Amino acid sequence: MRNSIMLSIPLLMVCSAAYALPGKDRPVSGKMYFSNEPFAISNAGNKKSFRSDEFIYGRLELDGQTVKQAFRISDKNMGRTHSFLFYTITILNNGQEISSNVNGSLKKILLQDKDKQNHWLNFDVLPEPVKASTVLLSSEKLNASRSTVPFYRLIGEENFKENGEYKVVLKLFSQTYDTSGSMEPESKWTRFEGDFNFNFNVKDVVLIKKNEKEADAIIQETVFDLSKLPAVFSNPATTIDTNLSAANISTILKRDMSHWSVVKFALSSYHQDSLWQIEKDKYGQYIQKYVVPKLWIAYKIGDKCFVDYVQIVQLAEKNFGKGGYGPLQVKYSSPLGFRKSETINCSKIN
């Protein structure tokens, strides 16, 4: 299996308009390039037109700003240690959109710390399978469903009705947040756009689909470890509720997660008036009372360490023919539920 925390996205330049579309108060300039070979340290070899039997790569070059600065990537990334950009592809024929991944779930690409400090970003567009490095994820979890870049999935006779030249528009953008943590209006998001001409021939579809499967297999085998604990562990929320004291939570975790060794835990931030919330069924009957902020845990199984979050709840005692609520307990929405926990080197837990 390939072992890497993330990928640096090789990017190709297209001499067509590759520009930023940020908010008016935040001018950012840059240019996108495309090539049939992965870019290295410059945009050498860029071109504007490609055949459907060629591989394609991209590169975004920023003027005077790093990737982190241009896309306003926060160090406080919702408790995560990793960052994302949104990546969309739209295919046009005679000016009319015929296909896109804009409304799909797989459109987040993962950024490594080293990518954020550069003044450029390389990424895949239609990569040779053995060189595929850009990973698309379905959610912000490192272990979420992943695939190679979306252009592979968009190519086929259902979208390309005939041989000929098509226009492909690629956009990279980031959703940004204000100082209070609220998402800003779309007009303030930083986005870059580039396009190239794609000369399609139906005879290439079989090989393209074969390459897609091989590239997907390589991406899906890539292992991502958190490089450090999420920020919530170094800046946990505090509460005067004695039910949620560190000693009480520790006791609950030891009881309800006895098969695991919980190394560290932290309560995520919350609004002071919303520590607890009551859940009712459609008939208005009480189901449970639960703690609104997530309880993040770093735990160990054997010689492997993991990071995830659980929820602390109190089941309504009506379920037992009583009144009020039962004792505090862990609700396994994760990691024993539908999601897998993210892995971390045990030495990174301190």
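The values are calculated or read from the model by the stated rules, or taken from the named source; none is laboratory data. Everything numeric here is computed off the predicted structure, so don't read it as measured data. Here Cβ is always computed from backbone atoms with ideal geometry, including for glycine, and neighbour counts include all displayed protein chains. Ligands, DNA and RNA are stripped out before the accessible areas are found, and what is left, the full protein with its side chains, is counted by its heavy atoms. Shrake-Rupley method; radii C 1.70, N 1.55, O 1.52, S 1.80 Å.
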Problem set entry | Residue, least open to solvent (accessible area, probe 1.4 Å), within the stretch 276-299, restricted to residues that are within 16 Å of residue 310 (Cβ to Cβ), in contact (Cβ under 8 Å) with a residue 24 or more places away in the chain and in a loop (DSSP other than H, G, I, E, B) | 293
For this session: Restrict the check to the stretch 146-166 and report whether at least one residue is among the basic types (Lys, Arg), open to solvent by 10 Å² or more (accessible area, probe 1.4 Å), part of a loop (DSSP other than H, G, I, E, B) and modelled with pLDDT of 80 or more.
Result: yes
For this session: Please work out which one of (1) over 30 Å from residue 124 (Cα atoms); (2) loosely packed, with under 14 Cβ neighbours inside 10 Å is the condition residue 221 fails and give its number.
Result: (1)
For this session: Considering each residue of the stretch 245-275, count those that are touching a Phe, Trp or Tyr at 6+ places or on another chain (Cβ under 7 Å) and over 16 Å from residue 300 (Cα atoms), and give that number.
Result: 2
For this session: Look through the stretch 171-194, keep the residues that are open to solvent by less than 20 Å² (accessible area, probe 1.4 Å) and closer than 30 Å to residue 156 by Cβ, and return whichever of them is modelled with the lowest pLDDT.
Result: 174
Exercise. Which condition breaks for residue 215 when tested against (1) outside any strand (DSSP E or B); (2) open to solvent by 20 Å² or more (accessible area, probe 1.4 Å)?
Worked result: (2)
Seminar exercise, completed: The condition of being within 24 Å of residue 211 (Cβ to Cβ), surrounded by fewer than 22 Cβ atoms within 10 Å (Cβ to Cβ) and modelled with pLDDT under 95 holds, among 79, 45, only for 45
Exercise. Filter the stretch 48-76 for residues that are at pLDDT 90 or above and β-branched (Val, Ile, Thr); which is most open to solvent (accessible area, probe 1.4 Å)?
Worked result: 66
Problem set entry | When residues of the stretch 268-291 are limited to those that are modelled with pLDDT of 85 or more and of a type in the set (Val, Ile, Thr), the one nearest to residue 349 (Cα to Cα) | 291
For this session: Would you mind telling me which numbered condition in (1) closer than 28 Å to residue 111 by Cβ; (2) assigned to a loop (DSSP other than H, G, I, E, B) residue 258 fails?
Result: (1)
Problem set entry | Positions within the stretch 239-255 being open to solvent by less than 40 Å² (accessible area, probe 1.4 Å) and either out of contact with any Leu (no Cβ under 6 Å at 6 or more places or on another chain) or at pLDDT below 85 (or both), in sequence order | 241, 244, 249, 250, 253
For this session: Considering each residue of the stretch 91-128, count those that are under 18 Å from residue 40 (Cα atoms) and surrounded by fewer than 22 Cβ atoms within 10 Å (Cβ to Cβ), and give that number.
Result: 9
For this session: Specify which of the listed residues (236, 230) is surrounded by 12 or more Cβ atoms within 10 Å (Cβ to Cβ), at pLDDT 85 or above and not hydroxyl-bearing (Ser, Thr, Tyr).
Result: 236
Exercise. Any idea how many residues of the stretch 225-255 are under 26 Å from the mean Cα position of the chain (by Cα) and in a loop (DSSP other than H, G, I, E, B)?
Worked result: 8
Exercise. Could we say that residue 265 is touching a Ser or Thr at 6+ places or on another chain (Cβ under 6 Å), within 25 Å of residue 348 (Cα to Cα) and open to solvent by 20 Å² or more (accessible area, probe 1.4 Å) here?
Worked result: no
